[in-house]
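Notes for the one structure printed next.
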Amino acid sequence: MIKITKWRPDTCGCEIDYQWDDAQNEDVRVHTIFEMIKVCPAHSGETDKVVHYAKVLDENQRKNIVLKEILEKVPSAVRDKIQEDGSIVKDIKLGKEYKWSFDADRNLVIDLIGFTPTEKLAVKTITDNLFPNKVKIL
Ligand SMILES: [Zn+2]
């Protein structure tokens, strides 16, 4: 069945209704832009809703993928965190922080608070490989 879900990304102020089919397996499920409900100042110039959705999605995924990569590939900055239900997830070590924002050109700007120079370099290698010229590390 075709469903419509409202998405408010945490990376900008846009509000997007996207469409998906619950008959499709989650791994291959395609989200299709249905309607732009709200357009944030950073994306106000977009006239094509498909392009607009792709940009918002790209920015949101870039932010999430970089965090996921840090959790997987920079073990010295990562701890095991026990959740309320007892399950264990990876999280940034206490005293360190992955802070992010976007600049006027919609580059992902990362502030790696408490990270050692070695850890910062490891993150830079990751972002240079995955998102060349789209991520800045402070
Ligand atoms: Zn936006």
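Between N133 and I88, the simple spin-label model (points 7 angstrom out along Cα→Cβ) gives 4.3 nm. Computed extension length for S101-Q19: 26.8 nm, one decimal, from 0.36 nm per residue of separation with the Cα-Cα distance subtracted. The relative contact order of the chain, computed from alpha carbon pairs under 8 Å that lie at least 6 residues apart in sequence, is 16 percent.
Once the mean 1/r over all distinct Cα pairs of the chain is inverted, what Kirkwood radius in angstroms do you read off?
Working: mean 1/r = 0.0594 Å⁻¹.
Evaluated on the chain, it is 16.8 Å.
The alpha-carbon of K124 sits under 20 angstrom from the alpha-carbons of these aspartates and glutamates, leaving out residues fewer than 8 places away in its chain: D58, E59, E69, E72, D91, E97, D103, D105, D111.
Length gain on complete extension for the stretch D80 to T116, per 0.36 nm per residue less the alpha carbon to alpha carbon distance? Residue separation times 0.36 nm, minus the Cα-Cα distance, leaves 11.1 nm. Reducing segment 117-133 and segment 1-57 to their Cα centroids gives an inter-centroid distance of 28 Å. Each Lys and Arg Cβ is given +1 and each Asp and Glu Cβ -1; about its Cα centre, the chain then shows a dipole of about 460 debye.
Note on the chain: GNM, Cα springs under 10 Å; of A77, A42, A104, the largest mean-square fluctuation is that of A104. Once R0 is set to 30 Å, what does the formula 1/(1 + (r/R0)^6) return for the Cβ-Cβ distance between N60 and M1, expressed as a FRET efficiency to the nearest 0.05? Efficiency computed from Cβ-Cβ geometry: 0.75. Counting neighbouring Cβ atoms within 10 Å and putting the fewest first, the residues C12, C40 line up as C40, C12. The GluC sites (Glu not before Pro) of segment 40-138 that DSSP puts in a loop, and whose beta carbon has at most 12 other beta carbons within 10 Å, are E84.
For the residue pairs K3/K55; K55/K99; K38/K93, the C-alpha atoms sit more than 31 angstrom apart in K38/K93. Sorted fewest first by neighbouring Cβ atoms within 10 angstrom, V51, V28 come out as V28, V51.
Values in this text are rule-based calculations from the coordinates and carry no lab data. As the structure is a computational prediction, the values presented were derived from the model and not from experiment. We place every Cβ from the backbone using ideal geometry, glycine too, and count neighbours over all the protein chains shown.
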